[in-house]
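What follows is a set of notes on a single structure, which appears directly below.
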Amino acid sequence: MKEEELLFKELQAAWLNRNGRNFAACFANDGTLIAFDGTYVKGKREIYRYVQELFRVEQDLLYQSVPVELKRLTPTIVLFRCHTGKIRRETNRIRDERMAHLTLLLQKKAVWEIVLMQYTPASFETYPKMRTSFQYELEESMD
C-alpha cells in the first residue's frame with residue numbers, strides 16, 4: 001500500500017474511533033477542510049475543534065468510502081478521490097441523501113499530509129441512474 005493510501009486509512013480510523021486529535025494530525029498545519037454542508041475550516045487546531053463538535057452532536061457518524069482515483073500530480077503532490085456515504089445504522093445501508101465525492105489534495109513535506117479535504121454532495125439530480133450505481137458500489141464495499 002502506498003504511503004498516501006496509508007494516510008487515508010489513518011484518517012478513516014481516526015474518524016471511526018471518534019478521535020479528533022488523530023484526525024486533525026493527518027492535515028498540514030494550514031490544511032483546509034470543506035465539509036458536506038459547506039462549512040470551511042482552516043488549520044489543524046480548528047479542524048480538531050470542528051470534528052470534536054461533530055462527534056459531540058452527531059452520534060451516527062458511520063461512513064463508507066471507496067477510493068476511486070489516486071493521481072500523482074508531482075513527486076510531492078497527489079490528488080486522491082473517493083466516493084463516500086453515510087451508513088444508516090438501522091438498515092446498514094447507505095443514505096442516498098448523504099452520498100458525496102470526497103477529494104483530498106495530499107502533499108509530502110517530511111511526511112504525507114492533507115492540504116485540502118473537500119466533500120461535494122452527490123445528489124445525481126440530472127442522472128439518477130448514477131445514484132444507484134454509486135450507492136451500490138459503497139454498499140458492496142461494506143462486505
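Numbers at a glance
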quantity: Residues in the stretch 90-109 that a label on Glu139 would reach, taking backbone N under 16 Å of a point 7 Å out along Cα→Cβ; calculated: 90-100
quantity: Over the chain, relative contact order from alpha-carbon pairs under 8 Å, at least 6 apart, %; calculated: 21 percent
quantity: Between helix 128-141 and the chain: long-axis angle, C-alpha atoms, 0 to 90°, nearest 10; calculated: 70 degrees
quantity: In degrees, nearest ten, helix 44-57 long axis to first principal axis of the chain (Cα); calculated: 30 degrees
quantity: Rough spin-label spacing in nm, given labels placed 7 Å along Cα→Cβ, for Val68 and Lys2; calculated: 1.7 nm
quantity: FRET efficiency estimate (nearest 0.05) - Cβ-Cβ, Thr132 to Asp30, R0 35 angstrom; calculated: 0.35
quantity: Whole-number D in µm²/s for the stretch 36-91 (Stokes-Einstein; Kirkwood sum over Cα pairs; 10 °C, 1.306 mPa s); calculated: 114 µm²/s
quantity: Estimated 222 nm signal from helices in the chain, with DSSP H stretches of n ≥ 4 weighted -39500 (n - 2.57), rounded to 500; calculated: -10500 deg cm²/dmol
quantity: Relative compactness, the stretch 1-111, computed as alpha-carbon Rg over 2.2 N^0.38 Å; calculated: 1.07
quantity: The stretch 45-143: trypsin sites (Lys or Arg not before Pro) falling in loop per DSSP and having at most 14 other Cβ within 10 Å; calculated: Arg89, Lys109
quantity: Cross-link pairs beyond the 29 Å C-alpha cut-off, checked among Lys44/Lys71; Lys108/Lys129; Lys2/Lys44; Lys44/Lys129; Lys9/Lys109; calculated: Lys108/Lys129; Lys44/Lys129
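Read-outs: derived from the displayed coordinates by stated rules, not from any lab. Quick caveat: nothing in here was measured; it's all calculated off a predicted structure. All Cβ positions, even for glycine, are placed from backbone atoms using ideal geometry, and neighbour counts span all protein chains on display.
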